[in-house]
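Down below is the structure, laid out as C-alpha cells.
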Amino acid sequence: MSKMIQPRLTQLFRFVRCSYADGVAELAYAFDDGEELVERIRFPHAPAIPAGHAAAFDAALKLLHLIAGVSYYKAGVPPKIEVASGPLDDATAELLDQLYLHGLAEFAYRNGLDLRGRITFPRGAAAQPPAPAAGLPKRTLVPIGGGKDSLVAVEAIKSIGGEATAVWVGNSALIAACAERTGLPTLNIQRELAPGLFELNRLGAWNGHIPVTAVNSAILAVAAILYGYDSIAFANERSASAATLEYEGQQVNHQWSKGYAFEQLLGNWLHTHVASDLDYCSLLRPYSELAITRAFAKLMPYFDAFSSCNRNFKLLGPKPADRWCGQCPKCHFVFLALAPFLPKPRLLSIFGRNLLDDENQASGFDALLEYQDHKPFECVGEGAEARAAMYALSQRPEWQEDALIERFRSEILPQLDASQLALEPWLEPSAEHHVPTRLQPALATIG
Amino acid sequence: MKFGGTSVATLPRWQNILELVASRRAEGARVLVVVSALTGITDALKQLCTHGDKGKRIEAAKAIAQRHYDLLDHMQLAVPDTLGARLSELATLAENGSAVLGELAWAAAIQAHGELLSSALGAAFLSHSGLPTQWLDARDCLAAIALPNQNERTRLLSSMVDSRPDPVLAARLATLGEVFITQGFIARESQGRTVLLGRGGSDTSASYFGALLKAQRVEIWTDVAGMFTANPRQVPGARLLQRLDYEEAQEIASTGAKVLHPRCLSPLREPRVPLLIKDTNRPELDGTVIGPEVRAHAPSVKAISARKGITLVSMESVGMWQQVGFLADVFAHFKQHGLSVDLIGSAETNVTVSLDPTENLLDSDAIAALASDLAKVCRVKVIAPCAAITLVGRGMRSLLHTLSGVLAEFGQLRVHMISQSSNNLNLTFVVDEEVVDTLLPHLHDLLISAGALRTDDSELFGPSWQTLYGSGEAPSAATAWWRESQRQRLLELAAEATPRYVYHLPTVRQQARELNTLAAVDRLHYAVKANTHPAILRALVAEGFAFECVSPGELRAVSAIVPEATPLLFTPNFAPREDYVFALGTRAAVTLDSLYPIEHWGELFRGREIVLRVDLGRGLGHHEKVRTGGSGSKFGLPLDQLAIFLQLAETHGVIVRGLHAHLGSGVLDAGHWGEVYAQLASLAERIGSVTFLNIGGGLGVPSHPGEARLDIAELDRVLREVKAAYPQYQLWMEPGRYLVADAGVLLARVTQQKGKSAFRYLGIDTGMNSLIRPALYDAWHEIVNLSRLDEPATALYQVVGPICESGDVLGTDRRLPEAQEGDVMLIAQAGAYGKVMSSHYNLRDEADEIVIE
C-alpha cells in the first residue's frame, strides 16, 4: 500500500465497482482516497451467462458487491458510505442497512462500538418493476459446511428425489470430504479476499465477526443464475434466530445472517430484484437443533467424516481428534445434542472421548446450559435445548454416573423447573419457514 | 504353502508362486498349495447371493467367469476342463437360486466357487509351466465336525474341521504326485454339503492340511514378512519377530496383529507342525517361525498391541459382597442383551468388564437396555472409548521388575483396568482411547530401554519395519564424530584432564544448516539456554541464526558476542518486573506469558510491540518435567484469558505482534509443529495485529540406537502446508538442543568398581554435578568406554558418579567392555543442558570446556 492509512480514522467507505468476466467476479472497495481493495470470486467451469439472464445476473452481482463489502467496511467503520454507481432503491438500502447493523452487532459489542445510526446506505433511486421469472432449471444448490446440518438438508432433498449440487466457498478438505460422501455433484467456488485487508489489519484495523453466511448467500445467488438453479437451500435452524445476548438495548446474535429475518429479507429481495423463480430458503428453519441432531443420528455413513468443530486445526483425518478439538462450544453442543439419539458407545467413537465424563469441561457445558454464564458466541442451540438434552441424559442409567451428568443432577437440576425440561417439545417443527412448494416434501422428511 | 487373494489375481503373481513352489520342490519337499479366491471374487459371490432376481444372478456369474477368462487369456491358456466344469456348476447354482438347497447351503455352495475356480486355474497354469500339479478338492479331505452349540448358520458358514492326523489321506496323496493345489476356506460336512470356514478361512485350511498330513511345515505367504513387536503403522520402529511359540503368537494375533487369524494356530499345536510366515515379494527375508516353545532365550516381552473401541461397564455395589449368585445374575443381563464380555476386573464392591466394539454394541439399544437392567441392582457406569494395551511375552510375571518405567508411564494416565491372565502370557491395561496413538510408540521405546523387550537378542528379533519397508532410504545412523575421526584427539584431551566437556563445532554447523533448509521458517532463533558457550554462539551467528534468551543474564552474554544487527528474542517465565525493564531497553522482542505483567505493569509496555506466549492446553515431550503445555505446566497464557489479555493490551496501547507456543521438548513427530502452527494461526486471525508466529522448539534428538531421527523434510512439508493456508504470517522457531546436543560429549575417567549381588557398578570421576539430565529427566545418554571402543562388550554395568546421592547414576544396565581404572569414558549427546545445568554440589570441581573448531 503506497499510502499509509489509519483504518480506524477513515471517514468514507466506497463501493467502487464490480465486474465479471470468464468466471471471475471482481469486487472493488476503498476507504477515503486510499488504494482499491479488490476481492475476487472464482466460479469454476463457468458457462457463458445464459441469454436473457443478463439483467438477473447483473442484479445478483451488484448485491454480492454490496454484501461482500462488509468484510472491508468493518476494518474502519467510517461514518459515511458511498456507492459509485449511484444511490440504491429503498428495498436494497434497507436490506443492507439491516444486514450491516445486525450482522456486525457482535463485532460492535466485542470492540465496544455502537453502530446504530452510523450505517446508512445511500438510497432514493426509483424502484424498478419486479423481476420476471428466469425459467431456471428445477434443481437446488445446497451449501455444505462439513457439519451435520447441511448433511441433513442434503439427505432430505435426496430422499424426495430432488436434483441438487453440493456447493461450498473456499478451501476446506473437510468439506470436500463431506461433499464427496453425499454422492451429489459438487461445486467449489473460491473467494480471495483483497490482500490489502491483511495490510489494514496490520495497521490496526477493527477486526471481528462478520455475517459470512450473507456473503456466501450472495455468492450463491450469482451462481444460481450463472449455472441455472431455481433454489438455494441453506441448513439454518430455528435457534439461529435467537439473540446471543442483549447489549445496551441492542440484540446481539452471533448468527444473525443465519436467522429467519435475514432469510426473508434476502428471499424477497431476490424475488423482486433478480428472478421471481429464484428461491432462497433454509430447509431446517422449522426445526430445533435437537430435531436436527435426531435426524442426523440416522445418517451413519457421515459419522466418520463430519465435524462441526471450528477450532480444530486439521479438521480431516481418520482419528476423531483430527476432527473434534473437544474443547470448544461447538464440540460441546454437538456432543450433547447427539447424545440422546445415539447409542453411547457409537457417540463416543465419533468424538474419540467422553466430554461429559471430563470435569475440566464443566464450564464449557455450563455456558451451553446458560448456567452461571451467557450463551457463547458460537452457532449453538438455545440454552433450553441444551438443558433438555442434559436432563434426558440424567435420566439414563448408561449416562448417569458420568462426571458432568452427576454434577448436573446434584447441583444444577435442583435449581431448574423440571416441567420445562422435556425433550419431546423440541422435536416438534414450528410452522415458520420460507421453503418453496417444490421443496416442502423434503421438509417433512426431517421431523 | 498358502497364497492369498492378491497373490493369485495376476499372471506375474502366479509366476512368483511357480518359482516359490519350484524352489521348495528343489529342496526335495512335496508341496500342497492352498489358495484363496482371486481378489474381489468372494465379495462378488456374496453380492450374487443377495440378488433376488435370477437375471441379475446370471449376469453376476458371467462377470465372475469373465475375470477368470481374462486371467487365462493373460496366461495364454485355454479354459481347462476342471475350470469349465466349475463355471457351469456356478452358472447352474446362480440360475436355480436357493430353493433346492436352502438359503444357507446354497450361499455356501456359491461362495465356495471362488477358491474352486482359482485353484483349477492355478493347476492349469502350474502344470502348463512345467510343474505337474494335481488339483485336489479340499472337500474330499477336510471333514467338518458338528459342535453342540452350533446353529445352521455357523455349521454352514463358519465351520470347524477335524484336524487329527489322517495317515490314509497322506498315503493317498503320496501315490498321486508331488505337487498339489487345493482350496482354502471350504470343507464338507457329514451330509455331504459344502461348508465354509468363515473368517481367516484360507489360513485355517492351510493349518488343517498341515495337521492332517503332519507336514514338515506350513508356510503362509502374504504381503509382510511376519509378526512384529507392534503394529508398524503405529510404531514404525517395530521389530520383526523371528521366533514365537504357538501360545505367544496366538496371543499376539488375538490382541491386534492382523497378519494371521488366531484360530489357524490351534490345529498345529498338537502335531507340533511349525508355521512360517513369509513375504511373497521379499522371499529372502527370514519371516516369522511359530513353533513349539523353546527354552534357550531370556524371558522377553515379545510384542505390544492395542485394541481400540472398547467399552467398559463398571458396576458398583455393596450388595455383591459375598453374595451367592450376584455375578451370575449380572452376567445374565449381558447375555440377554447379546453382549459378550472380554476382560473382567473385580474388587469387593466393584466389577468392571470390557466389551468389544461389535455392531450390536455400537448401533443398537443394547447398552442403554443393559444399563437400565443393571441399575436395578448396582450403580452402573459406562466408560468409553477405551483401548486395551497388551504386553505379550512368555513368562510375563518374571518380567514385572523390568517394567517400572513402563508402569510409571501408566501412572500418569487414567488406567481403568489391569488384567493379567493365569497363562502368564500377557499383561493388559485399559486406558482412554485418545492417548493410545502417541502412547504406543513411546511404550515400545520404553520397553526397549527398560530391557524388557530384549531387542539385543538377534535370535528373536529381526530388523525394524522401518528398515524393511520404510519409505525411501532407511536412515542409517551416521557415525558419531567422536567415534572415529576425533577419537584420538578426545583421548588426548582426557589424558590432560577430566571431567571435561568437548564441543565439536562442525556438528553444530551441520545441524544449523539442516534447519536452514526449512523453507517455511522465516527466522530461526537459537535457544541459548541449551549451551551458552561463546564459540557456539559465534558459530550460529555465522549460520544466520537469531537468539532467544530467557533472562537478563543470557541477554547480556549473547549481546557481548553477537553483532548489533542480530535479532534477539526475550522469552522469560515468572520474571520479576526489572527483567522486563531491562529487556525493553535492549533490541530484543519481548514475550509475555501471563496476565500479570500487562495487568500490573501495563504502562511499562505502552506503545510497545510484544509477543504473547499462549498455552494451547496440552503438553508433549519425553518426560513430565520437559512438558511445557497444559494446565499442569507454569508456562503460557491459558486461552480462556486471551480476551482479557487483549483488552488490557488495547487499554495500555500495547500491540500484540507475535503469538508463541511451545509445548515441550524432545518431540520427534513432525506433525506436532504443524498443529501448533495452524492453531496459532487460527488464533492470530482473530487478533489482527499479529504478523508472526513463533512455534517454539523442542525438536527431538533421538538417543537410543535405532530410534528414528526427526524427519526434517517431513517437517518442512508440514510447515509449508500450513504456510500455504496462512501466508500472511511470518514463521519463527527457536530450537536449542537440536543444534548442540550431538555436538558435545562429556569425558570422564573410571575410578573404581563394585559388585553387589547381580549388580556391577562402574564409578567415574564425575556424575550428576556435571550432567544432571539422567537424574532429572531419566534421560538416556549413550556411554562408551573410549579407551576400549573395539573390545567386546561383555560386562553389564551401572555407570555411577562420585556424588553422595542414590540418584547419581548416569546409565543403568550398560553393556560395556570390562573396564580398568583410568579408562576414558565418554557420555554422548552432552552438548545441550550439560554444562549449563552443572553445579558445585558436594563442592566437586566443575568440568571445563574445550572446543574443536
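Placing one equal scatterer on every Cα of segment A:381-447 and applying the Debye formula, the log10 ratio I(q)/I(0) at q = 0.17, 0.19, 0.22, 0.23 Å⁻¹ is -0.68, -0.77, -0.91, -0.96. In terms of its C-alpha gyration tensor, segment A:216-313 has an oblate overall shape, because the principal axis ratio a/c (a ≥ b ≥ c, square roots of the eigenvalues) is not below 1.5 and a/b does not outweigh b/c.
Largest first and in whole Å, the equivalent-ellipsoid semi-axes of segment A:186-230 read 29, 12, 7, each the square root of five times a Cα gyration tensor eigenvalue. Taking N as the residue count of segment B:538-685, its C-alpha radius of gyration divided by 2.2 N^0.38 Å amounts to 1.07. For B:L731, the residues 5 or more places off, or on other chains, whose built amide H falls under 5 Å of its own are B:D522, B:R523, B:L693.
Computed from backbone phi, the HN-Hα couplings of segment B:536-549 come to 6, 4, 5, 4, 7, 4, 5, 8, x, 7, 8, 10, 10, 10 Hz, rounded to whole numbers (Karplus: 6.51 cos²θ - 1.76 cosθ + 1.60, θ = phi - 60°; Gly and Pro given as x). Evaluated over the Cα positions of segment A:309-427, the convex hull gives a direction-averaged projected area, one quarter of its surface, of 7.1 nm².
Looking at chain A, the DSSP beta bridges with both ends there are about 50 percent antiparallel. For the protein assembly as shown, just say rounded, prolate or oblate: build the C-alpha gyration tensor, square-root its eigenvalues into a ≥ b ≥ c, call rounded for a/c under 1.5, and beyond that prolate if a/b exceeds b/c, oblate if not. Judged from the Cα gyration tensor, the protein assembly as shown comes out oblate (a/c at least 1.5, b/c at or above a/b).
Between B:R172 and A:L416, the modelled label-to-label distance comes to 7.2 nm, taking each label 7 Å out from Cα in the direction of the beta carbon. A Cβ-based charge dipole, computed about the Cα centre of segment B:38-203 with Lys and Arg at +1 and Asp and Glu at -1, lands at about 320 debye. Counting beta carbons within 10 Å around each of B:S419, A:S288 and listing the fewest first gives the order B:S419, A:S288.
Enter the per residue convex hull volume of segment B:629-671, computed from alpha-carbon coordinates, in Å³ rounded to the nearest integer.
Expressed per residue, the convex hull around the Cα atoms of segment B:629-671 is 102 Å³.
Of B:I383, A:I210, the sequence from fewest to most neighbouring Cβ atoms within 10 angstrom is A:I210, B:I383. Think of chain B as having a plus end and a minus end, set by charges on the Cβ of Lys, Arg, Asp and Glu; of B:L327, B:W732, B:Q829, B:L327 sits farthest toward the positive end of this dipole. Karplus-based coupling profile of segment B:522-535, in residue order and whole Hz: 8, 8, 9, 9, 8, 6, 5, 4, 5, 5, 9, 4, x, 5, with θ = phi - 60° in 6.51 cos²θ - 1.76 cosθ + 1.60 and x standing for Gly or Pro.
Of the cross-linked pairs A:K62/A:K138; B:K258/B:K278; A:K148/A:K330; A:K344/B:K335; B:K258/B:K381, those separated by over 22 Å at the C-alpha level are A:K62/A:K138; B:K258/B:K381.
Among B:T42, B:T92, B:T349, sorting on how many other beta-carbon atoms sit within 10 Å of each Cβ, with the fewest leading, yields B:T92, B:T349, B:T42.
Cross-link partners for B:K62 among the lysines, with Cα-Cα distance under 24 Å and sequence neighbours closer than 8 places in the same chain left out: B:K46, B:K54.
Over segment A:7-282, the Kirkwood radius and the radius of gyration, each from Cα atoms, give a ratio Rg/Rh of 0.95. Across all Cα pairs in segment B:38-203, the calculated P(r) in 5 Å bins from zero up to the longest distance comes to 1, 8, 17, 19, 20, 16, 11, 6, 2, 0 percent per bin.
Selection among A:N310, B:I783, B:G602 by position relative to the dipole of the protein assembly as shown gives B:I783 as farthest towards the positive end (Cβ unit charges, Cα centre).
Based on alpha carbons, the Rg and Dmax found for chain B are 33.0, 100 Å.
Taking the Cα centre of the protein assembly as shown as the origin, how large is its charge dipole in debye, to the nearest 20, when only Lys and Arg (+1) and Asp and Glu (-1) carry charge on their Cβ atoms?
Numbers: 118 positive and 144 negative charges, 337 e Å.
For this selection, approximately 1620 debye.
Here the Karplus relation 6.51 cos²θ - 1.76 cosθ + 1.60, evaluated at θ = phi - 60°, turns the backbone of segment B:8-17 into coupling constants of 10, 8, 9, 4, x, 5, 5, 4, 4, 4 Hz, with x for every Gly and Pro.
How many Å³ per residue does the convex hull of the Cα positions in segment B:68-133 occupy? Intermediate values should be presented prior to the final figure.
Working: hull volume 5.0 nm³, N = 66.
Cα convex hull per residue, to the nearest whole number: 76 Å³.
Around the Cα centre of chain B, unit charges on the Cβ atoms of Lys, Arg, Asp and Glu (plus for the first two, minus for the last two) sum to a dipole of about 1020 debye. Over all Cα atoms in segment A:290-370, the spread is summed up by Rg and Dmax: 11.9, 33 Å.
Each value in this text was obtained by applying a stated rule to the coordinates, not by laboratory testing. What you see is a predicted model; the values in this text were computed from it and never measured. Please note: Cβ atoms are built from the backbone with ideal geometry, for glycine as well, and neighbour counts cover all protein chains shown.
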